[in-house]
Structure formats: structure tokens, C-alpha cells
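The values are calculated or read from the model by the stated rules, or taken from the named source; none is laboratory data. Everything quoted here is computed from the prediction, not taken from an experiment. Neighbour counts are summed over all protein chains in view; Cβ atoms, including those assigned to glycine, are modelled from backbone coordinates with ideal geometry.
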Amino acid sequence: MKPILSLLGLILLLSACQQTDTNALSLKDYHAIVDSGIQTGGVKLIPIETPVGKFNVWTKRFGNNPKIKVLLLHGGPGGTHEFFESFESFLPQEGIEFYEYDQLGSYFSDQPKDSSLWTTDRFVEEVEQVRKALGMNKDNFYLLGHSWGGILATEYALKYQDNIKGLIISNMMSSCPEYGKYAKDVLAKQMDPAVVDSVRAMEARGAYTDPKYMELLTGFYEDHLCRVKPWPNAVQRAFPHMNGEIYTMMQGPSEFGISGRLANWDRSKDLPKIKVPTLTIGGKHDTMDPEHMKWMATQVQQGRSLICPNGSHGSMWDDQPTYFPGLIKFIKDVDAGSFTK
């Protein structure tokens, strides 16, 4: 009996060693250095051609996985990749390669002053240039857009979805008029009427830079933008880095509704044209209507919805136990060819 038990123990030991070696090799592959020359911690400036000249945009790569490459499109417009820093705590351990990226005009990228650059169509072409520069294609390219980045991801998919393997629209509705209506008819009614009246009066005067304006919106942001108190350091850093000129021009002065160039943006009727597997993410306490974001998943050809019960507009911060498992499962299901609605 003892020789049999000894043999069984040896087999189990060898199996464990093999498993350890496999895991070690996988970890080595994920962290492999893929660029020659001076190592920059994954940071790469990518030259972008625009109608008014060539500029550089900032990207940072995490990991190495030829099968899964996720490009993150931040909010704003004029925001930064810093809002995505929470991803660094969840995606690497799953072997997911991903890229933080500051769009043109944002803090870590070039910041030209020509206002003709700040259009959705021009940003779409920028994303396409970044995709090509990073070697992403229909077999490995996952595009995740948050807030304004969700608008950009939607527009990119409607033009270039043949390049995408999976699409994630995070905390963004498919219609800015509907977003404005939700802010007015639902969110504003949850606030102190006196505060709402003061905010509207200051907006009517164009007093957006008055410290009192942002002070009045503090409670709104704490309830609907990020419910973590105090705000995570990355979120605190992101706000001073916002390009206010671009943000106000395209979004308006705040997240409390929309009034800029994007005010009439509406792709709700075009969602059925999106054929790639798509995940829509929203938060119960979002600045966006969670029911609308849930509905979006029923309109695309292959949709799945994820609503974070404790989440706000920044669900990747205040409902991480829901946001990241749902995101990771979607990516892995698409990669394995086992995606279902």
C-alpha cells in the first residue's frame, strides 16, 4: 500500500510543480519587455496627424497579451487617464493588457489651441491612429469609453467596428438630450431647490469660474460623480488637470446637464448597427440614467448590461466589487468565444 501512496504523492508533487512553472511562465510573458532601447515604464508618445498639423498624445501600456488589448478612453472632454488608475489594481492579475491614454488637448498630451480640433469626428480619427500605432486589430482590440469616452467609443464603433473585438460603454447614455432631461427631471429634483435655483442663476450669468458655482455643485458631485469619501487621490489629481476650455466648449460648464457642442448628440436610433459584443455599464447613483444604459444593451446586436448598485458616474471607484468582475467576465467571455447576452 505504501508504494502506491508514495507514487500517488510523487504524481501530485510533479503536477504541482508543473502548474507552478506554467503560472510563472505566464507571469513572465505578461511582464515581458517588448520594446527595445530605453525602457519608459510603458509610456509611449504617439504622433497624431490632424487638419492643422502633427501633435503627440500620451499612452501607457500595462502588460503583454497578444490576444487582449484594451484601450481606455477617458471622460471630459479634456479629462485625463488618471480616472482609470483603479484599473491597475484589477486587470494585470487577470493577464489583461491595457492602455491608459490622454486624448489630444489633455494634460499629458499636446494641448493645441485651435478650437476646430474639438469635434467628435476629429477625435474618432485620432483613436483610429492610436489603434494602428499600438498594433490593435479585430482579433484583440477592446475599446472602453467612460462618460465622454463612451460617446467617442460609440462613434468609433459606428465607423470602424470591423476593427473591434469587444466594446464597453461605461457610464454614458446614447443620447445627450435624454441625459439633459434626466438631469433636469430626476437629479435636480433630488437636490435642494434653492441650490438648483442658485446654480441655474449663475449659469445664466456665465459665472462658471466663480468658486461659489463649484461649491454649490459639491453635494451633487459627492452623490453622483464619486461617492467615495474622501475622493481617491487619482480623482483629486484629475480635476485640476482638466482642460476647462475643451470641457466647457464640448460638454458645458459641469456634469449637471449638458450645454456644449455635444448637447444635441444622439445615437440611440443607430445602436442596432453595432454588431460587435458590447457591454454597457452604469451606476444606480450615476449622473446618467441607469435604465437608459440598461436599455442600450437591448438595442445593439450583441449586448450585455451591468448596473452597479452602489455606483455613481465613477463606478470604477465606488462600486469596484461589481464593476471589475463584470468587466473582466465580459472580456474573457468574448476572448473565449462564449459571449452571451
For residue 29, the lone unmet condition from (1) closer than 29 Å to residue 252 by Cα; (2) surrounded by 11 or more Cβ atoms within 10 Å (Cβ to Cβ) is (1)
For the range 191-198, state whether one or more residues are surrounded by 14 or more Cβ atoms within 10 Å (Cβ to Cβ), at pLDDT 95 or above and among the aliphatic types (A, V, I, L, M). no
Pair list, Cβ under 7 Å, 6 or more apart: the range 188-212 residue free of Cβ contacts under 8 Å to residues at least 60 places away in the same chain, other residue of a type in the set (Asp, Glu): 202/210
Answer yes or no as to whether residue 178 is acidic (Asp, Glu), in contact with a Ser or Thr (Cβ under 9 Å, 6 or more places away or on another chain) and closer than 22 Å to residue 294 by Cα. yes
